[in-house]
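Asks: Here it is, the structure, as structure tokens.
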Amino acid sequence: MKCEKISRQMTALWENSQEPSLPEDVRRHLGQCESCREEWEQLSVLMAELDAVEEVQPSTRLRENFYSMLDNAKAAPESGSGPKNTLIEPTIWKFTPWAGSIAAGLALLLAGFWIGSQQTDSLVESVPQPKTVAAQELESLQGQIESMKEMMAVYMMEQRSASKRIQAVGYTDEMSKLSPDLFEALRQRLNQDDNVNVRLASLNALTRFAHQENVRAALVDSLPRQIHPVMQIMLIDLMVGIDEKRAREPMQQLLNSAITPLEVKDKALRGLGQLL
Amino acid sequence: MLMLAVKNGTLDSLGPLFERYHVKLFNFFLRLTSNRETSEDLTQSVFQRILRFRHTYKENYPFRAWMYRMARNLHADHYRKHKRSMETFDESHHAEDSEQLAVDAMENKERKQNLLEALHRLPLEQRELLLLSRFEGLKYDEISQIKGITVAAIKVRVHRAMARLREIYFESSENGGNAQ
Amino acid sequence: MNKLKKLPTLILFSLLPAVGLAAEGAKHSFIPADTVHEVQLTFVESYGDIFIDGTDAKEITIIADDYEQPEDEDEADGFVSVFSIGRDNTGIGLTIEENENSVKITGVPNSASSDYSIRIPHHFSLKVNIMGNGDTIIQNFKGEIEVAVAEGDAVIRNISGPATLHNMNGDLVVSFSEVFQEAPTSITNLNGDTVVSIPPDTQANLQMKSLNSDIRTNLNIAYDTDKRDPYRHNIGQRTVTGVLNGGGVLISLESINGDIVLKKAGDKSGLAPRPPKPPKPPKVKRIRPSIDDVEEVEEVEELN
């Protein structure tokens with residue numbers, strides 16, 4: 001009777017575990033009961049063997065078929081069978097992984113529009129009325145602060161501590177414009193920093209200005225300079241996101257190169273499909 | 001979340017779900033059917049169904065459990081339709097085919113082949129249970145959602161299946177391997 | 001994919017070196033100059049595990065577990081190794097160089113298979129670069145830590161940061177005793193899972209991004225919905241930003257293929273070998289960083 005209970009308990013220990021430890025009472029029982037001990041040993045061997053069975057990879061046909069099915073489904077008009085979008089999604093979670101180039105292009109267009117409208121707004125504000133002295137002072141003060149911050153950022157990007165360099169790169173988050181010095185400093189971090197986290201932080205900082213032609217060109221130019229797979233993948237992802245077709249060539253090169261890691265090739269291959 | 005996005009029309013979100021689960025699903029089917037082509041087709045069908053029935057997906061229902069439920073149903077359909085051929089397959093081509101399987105997947109290791117053999121000698125229901133809990137790494141409460149029976153019942157059934165597998169496996173290795 | 005399952009063993013291992021290795025291994029110990037406040041540790045080829053412990057002693061102590069001195073063929077036949085990485089000047093497979101402000105410890109190529117246990121004054125800053133297959137454990141440091149690991153799992157605990165950490169293919173399990181408030185912490189991973197614990201009262205700004213996998217947390221984060229940046233959510237990446245306890249230093253976590261779990265320190269789930277199941281499930285059940293647990297991101301909201 002007792003053995004049966006112990007035996008069940010032993011099997012249950014393996015739920016989601018690869019090397020469970022025995023509870024004290026079971027351990028004590030195993031000390032006295034040879035058949036349960038044998039069972040535990042067999043169970044351990046068997047579980048280890050089961051866990052060691054390797055996954056078999058399906059052929060590439062499966063992935064191809066899946067994506068062509070997905071494309072067809074997207075092209076087909078929405079089947080009216082289900083309820084419409086009744087959920088209000090929290091904005092923050094609403095991202096579209098692997099946004100197709102169309103969506104990305106649209107985003108770019110919207111972004112351009114948004115930036116354009118911001119600029120017009122400020123023009124409308126500033127042109128018609130002559131400014132008060134106080135307002136002018138405030139503006140010049142703000143300008144000074146911004147250029148000071150900028151100097152600090154450029155200077156701090158040379159520091160020995162990777163964390164401090166990331167901090168310096170982060171200062172650009174507060175800046176509305178990317179000055180030539182700052183751009184150059186970020187670009188240097190992106191391409192030359194020997195810490196991958198700093199490179200990535202620089203990429204994120206530059207992403208905010210990806211509507212600027214000089215930034216886009218720098219990003220395209222950066223791809224073949226990156227050797228770390230994290231950077232290669234994140235850059236490709238961005239290139240697809242901003243629909244930057246000039247990146248096709250470096251992506252193709254990555255794909256052709258024998259030393260490119262598999263994850264990156266995979267990303268490049270998919271990216272090339274999206275950047276048509 | 002991804003599935004919610006799919007449900008709400010962002011079909012692209014199915015991509016990451018496919019990437020995450022298709023190998024697992026394929027292996028699930030492969031261990032059930034011992035046939036690569038069939039397994040690929042069935043895997044594809046799961047995602048097809050997910051797309052087609054995306055409106056029935058309930059928020060807060062674990063996606064994985066939902067997906068394996070479809071997978072089980074699909075396999076059950078397949079099994080019913082091909083029962084005759086499956087049966088003959090099971091009896092006559094079994095050793096050969098699982099050997100084939102072992103060749104490509106297990107680098108010809110006899111021990112592992114024995115294990116797969118032993119697995120294949122389990123009744124379908126037990127085999128499926130072990131696949132879900134061991135290969136697919138599902139928890140008992142997830143399996144209970146998939147199969148619609150209590151966790152306690154799952155516990156007992158897994159225990160029985162393991163006991164049976166132990167019996168087959170250790171018996172066959174004592175007999176010097178290749179149980180035919 | 002179930003890499004995290006290895007971790008319990010790794011944790012157990014970590015308890016051993018201090019005792020176990022000291023008894024058997026070859027030892028090298030020295031007191032660096034007063035001006036030194038940094039250790040740079042580099043292994044370009046290593047298959048052993050590396051354990052780095054911060055202590056309040058003044059000396060740096062290194063214990064090699066099973067280092068075997070290679071037979072000195074070089075000198076016998078007049079040939080010299082062409083590796084520029086350095087010559088063993090410690091007798092345990094390491095080159096040690098001391099500069100004004102830092103000590104460089106570098107594994108020579110044939111140190112490959114040994115485990116190393118290294119004790120360093122805990123206020124030193126660390127720059128660690130390991131391109132081997134072994135696992136890495138770093139614990140009990142009060143200074144800045146930079147770590148890049150290429151293959152094995154890494155556990156980094158009881159640190160205050162700032163920390164700049166990267167693992168390419170292994171899991172990265174990091175726990176902060178407190179979070180340094182003056183410079184940012186950045187943690188990145190390519191293929192492994194990343195599990196980060198911080199004290200629940202930490203004030204921080206959070207940035208979490210995962211390209212192909214999930215982000216989960218049991219911390220009470222105020223998610224940022226007012227995005228100035230029109231690109232961030234539209235480039236196929238999954239980015240989350242938010243504020244913890246009113247905001248503070250930046251903590252950024254980024255991963256490509258692995259999960260990211262950010263949790264309250266002290267929540268031991270997933271770090272210790274799982275005890276036999278209690279009858280009731282623990283409260284924050286989904287946060288257990290078993291990759292089997294991977295569910296959809298909305299659970300983050302459930303937890304809040």
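Asks: With the stretch C:1-64 as the region, which strands (runs of 3 or more DSSP E) entirely inside it contain at least 1 residues that are within 21 Å of the chain's Cα centre (by Cα), over 13 Å from residue C:96 (Cβ atoms) and at pLDDT 90 or above?
Replies: Counting at least 1 such residues, we get C:38-43, C:50-55, C:60-64.
Asks: Let me ask something additional. Looking at residue C:163 and the list (1) crowded, with 22+ Cβ neighbours inside 10 Å; (2) within 27 Å of residue B:16 (Cα to Cα), which single condition is not satisfied?
Replies: That leaves (2) as the condition not met.
Asks: Let me ask something else. Is it the case, given these coordinates, that residue B:97 is at pLDDT below 85, outside the structural domain of residue B:58 (by TED's automatic domain parsing), out of contact with any Lys or Arg (no Cβ under 8 Å at 6 or more places or on another chain) and surrounded by 14 or more Cβ atoms within 10 Å (Cβ to Cβ)?
Replies: Working: at pLDDT below 85: yes; outside the structural domain of residue B:58 (by TED's automatic domain parsing): yes; out of contact with any Lys or Arg (no Cβ under 8 Å at 6 or more places or on another chain): yes; surrounded by 14 or more Cβ atoms within 10 Å (Cβ to Cβ): yes.
Yes, satisfied.
Asks: Where the second residue is polar (S, T, N, Q) and surrounded by fewer than 18 Cβ atoms within 10 Å (Cβ to Cβ) and the first is under 13 Å from residue A:194 (Cβ atoms) and lies in the stretch A:154-165, which pairs have Cβ atoms under 7 Å and are six or more apart or on separate chains?
Replies: A:165/A:159
Asks: Right, here's the next one. In the stretch A:1-17, what residues are within 11 Å of another protein chain (Cβ to nearest Cβ) and within 18 Å of residue B:170 (Cβ to Cβ)?
Replies: A:7, A:10, A:11, A:14
Asks: Restricting attention to the stretch C:142-184, which residues are at the interface with chain A (Cβ under 8 Å from one of its Cβ atoms) and among the polar types (S, T, N, Q)?
Replies: Within the stretch C:142-184, just C:164 meets the criteria.
Asks: Another question, if that's okay. Got at least one residue in the stretch A:250-267 being in contact with an Asp or Glu (Cβ under 9 Å, 6 or more places away or on another chain) and at the interface with chain C (Cβ under 10 Å from one of its Cβ atoms)?
Replies: Checked the stretch A:250-267: at least one residue is in contact with an Asp or Glu (Cβ under 9 Å, 6 or more places away or on another chain) and at the interface with chain C (Cβ under 10 Å from one of its Cβ atoms).
Asks: Test residue A:20 against the stated conditions and say whether it is more than 11 Å from chain B (Cβ to nearest Cβ) and within 44 Å of the chain's Cα centre (by Cα).
Replies: Taking the combined requirement at face value, the residue satisfies it.
Asks: Looking at B:102, B:71, can you tell me which residue is hydrophobic (A, V, I, L, M, F, W, C) and at pLDDT below 85? Break it down stepwise before answering.
Replies: Numbers: B:71 fails: at pLDDT below 85.
Within the list B:102, B:71, the selection yields B:102.
The rows are residues; the columns are (1) closer than 15 Å to residue A:51 by Cβ; (2) buried (at least 20 other Cβ atoms within 10 Å of the Cβ); (3) touching a residue at least 24 places away in the same chain (Cβ under 8 Å); (4) away from chain C (no Cβ under 14 Å).
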site	(1), (2), (3), (4)
B:117	no, yes, yes, yes
B:121	no, no, yes, yes
B:127	no, no, yes, yes
B:136	yes, yes, yes, no
B:141	no, no, no, no
B:152	no, no, no, no
B:157	no, no, yes, yes
B:161	no, yes, yes, yes
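Asks: Further, regarding this structure: Every residue in the stretch C:171-201 that is farther than 20 Å from residue C:221 by Cβ and among the acidic types (Asp, Glu), please.
Replies: Listed by number, the residues that qualify are C:171, C:182.
Asks: Right, another one. Taking only the stretch B:19-70 into account, find how many residues are in contact (Cβ under 8 Å) with a residue 12 or more places away in the chain, facing chain A (nearest Cβ under 9 Å) and among the charged types (D, E, K, R).
Replies: Matching residues across the stretch B:19-70 total 5.
Asks: When the stretch A:157-190 is examined, which residues are found to be under 18 Å from residue C:166 (Cα atoms) and either assigned by TED's automatic domain parsing to the domain that holds residue A:225 or polar (S, T, N, Q) (or both)?
Replies: Scanning the stretch A:157-190 gives A:161, A:163, A:167.
Asks: Oh, and also: Would you please name the residue that is nearest to the other protein chains (Cβ to nearest Cβ), looking only at residues in the stretch A:191-236 that are within 26 Å of residue C:163 (Cα to Cα) and acidic (Asp, Glu)?
Replies: A:194
Asks: I would also like to ask the following. Which one is farthest from residue A:199 (Cα to Cα), of the residues in the stretch C:148-160 that are surrounded by fewer than 23 Cβ atoms within 10 Å (Cβ to Cβ) and in contact with a Phe, Trp or Tyr (Cβ under 9 Å, 6 or more places away or on another chain)?
Replies: Once the filter is applied, the top-ranked residue is C:158.
Asks: Another question, if that's okay. State all residues of the stretch A:23-35 that are away from every other protein chain (no Cβ under 12 Å) and within 22 Å of residue B:152 (Cα to Cα); if no residue qualifies, say none.
Replies: Those that are away from every other protein chain (no Cβ under 12 Å) and within 22 Å of residue B:152 (Cα to Cα): none in the stretch A:23-35.
The values are calculated or read from the model by the stated rules, or taken from the named source; none is laboratory data. Computed from a predicted model, the values in this text were never measured in an experiment. Glycine also receives a Cβ, built like all others from the backbone with ideal geometry; neighbour counts cover every protein chain displayed.
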